[in-house]
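Here's the structure, in structure tokens; my notes come after.
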Amino acid sequence: MPFNFHKLKQFFMFAKPQNLNDGSLVLNPKAAHKYSLIWMHGLGDTAFGFLDIFEQMPIVKAETKVYLLQAPQRPVTINMGMKCTSWFDIKVLKTDCNIELFANNFKSTVSMEEIEDSKKMITSYIDQEAKLVSSKNVFIGGFSQGCCMALETGLSYPQQLGGIVGLSGYLFPTTQINDAQKETPIILVHGEQDQMIPCELSKKSYERLDNTKRQNFGHHIILKMGHEVPMPTIKLMINFFQNTQK
């Protein structure tokens, strides 16, 4: 289905965001609650980082509750040990484009313990929403570090989800793909000129996600795009949710 901005304009505005104790935000649906989206920001950002995009653009259908989760404050090695919002510690700034070398060294470049802690937090939100709307109506996504966590948490979840969105990130070589997610719709977007996470590394890390059973799989590399979320990416997200939220 092609992007139709004017047709979807009526779905623009949510009610005032609800603040949660952990710093996360909730955008309650405009219509009867049928779907839920759990979204994670990137390193150093907050839940407010994607608020304007979800409030001002018709990313999801009106029946969707959106959780903009916020990562805990943690010391980050590449930030000279200073604290910032982080889903997991990153110990090496430049990731090697050699996927075999990257996979072999991965556990020494991040905090596996913090990945697991963040995964538990995100999973608790999925569990909560799955009880309300069923797991097949729960979606998960994120940008950069948030993309990594969306893939880590979503792909290993034991019940099939509605879909997974990954922007400007990569798949951990340690991520386990549960059989329940073998047919889950996935959209992945990366900038050709991403200065933070090399496009080639991201592309190679995603190769094990595409399979013959997954009918709705899109991996989009956008020319001249850096580590950002411009309009071409937003349009791809809108089309994805229009096609998967039925």
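Bear in mind that the values in this text are calculations on the coordinates, not laboratory data. Note that the structure is a prediction, hence the values are computed from the model and not measured. Heads up, the Cβs are rebuilt from the backbone with ideal geometry, glycines too, and the neighbour counts pull from every protein chain shown.
Evaluate E = 1/(1 + (r/R0)^6) for E100 and Q193, where r is the Cβ-Cβ distance and R0 equals 35 Å; express this FRET efficiency to the nearest 0.05.
On the way: r = 24 Å, r/R0 = 0.69.
Here the calculated transfer efficiency is 0.90.
What do the square roots of 5 times the Cα gyration tensor eigenvalues come to for the chain, in whole Å, largest first, as semi-axes of the equivalent ellipsoid?
On the way: eigenvalues 138, 81, 66 Å².
Sorted largest first and rounded, they come to 26, 20, 18 Å.
Given R₀ = 30 Å, what would the calculated FRET efficiency be for H219 paired with N19, taking r from the Cβ atoms and rounding to 0.05? The partial results should precede the final answer.
Values: r = 35 Å, r/R0 = 1.17.
After rounding, the FRET efficiency stands at 0.30.
Using only the Cα atoms of the range 125-239, what semi-axes does the equivalent ellipsoid have when each is the square root of 5 times a gyration tensor eigenvalue? Give whole Å, largest first. Show your work: numbers first, answer last.
Numbers: eigenvalues 109, 44, 32 Å².
Semi-axes from the Cα gyration tensor: 23, 15, 13 Å.
Residue by residue, what Karplus-based ³J(HN,Hα) values in Hz, rounded to whole numbers, does the range 59-64 have, using 6.51, -1.76 and 1.60 with θ = phi - 60° and x for Gly and Pro?
Listing the rounded values in order: 4, 10, 6, 4, 7, 9 Hz.
If each residue of separation counts as 0.36 nm, what is the full-extension length gain between D179 and S134 once their alpha-carbon separation is subtracted?
Numbers: separation 45, 0.36 × 45 = 16.20 nm, distance 1.76 nm.
Fully extending the segment from D179 to S134 adds 14.4 nm.
Could you tell me how far the Cα centroid of the range 40-97 sits from the Cα centroid of the range 131-190, in Å?
If we compute the Cα centre of each part, the gap is 16 Å.
Kirkwood hydrodynamic radius for the range 25-80: how many Å is it when counted over pairs of different Cα atoms? Intermediate results must be reported in sequence, preceding the final value.
Values: mean 1/r = 0.0806 Å⁻¹.
One over the average 1/r among Cα pairs gives 12.4 Å for the range 25-80.
Note down the relative contact order for the range 140-199 as a percent, whole number, built from C-alpha pairs under 8 angstrom at least six residues apart. Present the calculation step by step, with values, prior to reporting the outcome.
Values: 110 pairs, mean separation 20.4, N = 60.
Contact order relative to length: 34 percent.
At A32 and R208, where each label point lies 7 Å from the Cα along Cα→Cβ, what is the point-to-point distance in nanometres?
Distance between label points: 4.2 nm.
For the chain, what is the relative contact order in percent, using Cα pairs closer than 8 Å and at least 6 residues apart in sequence? Intermediate results must be reported in sequence, preceding the final value.
Working: 511 pairs, mean separation 42.5, N = 246.
Over the chain, the number comes to 17 percent.
What is the distance, in nm, between label points placed 7 Å from the Cα along the Cα-to-Cβ direction at S108 and at D52?
4.2
Which whole-number percentage describes the relative contact order of the range 155-246, with Cα contacts under 8 Å and a sequence gap of 6 or more?
Numbers: 141 pairs, mean separation 29.7, N = 92.
For the range 155-246, the relative contact order is 32 percent.
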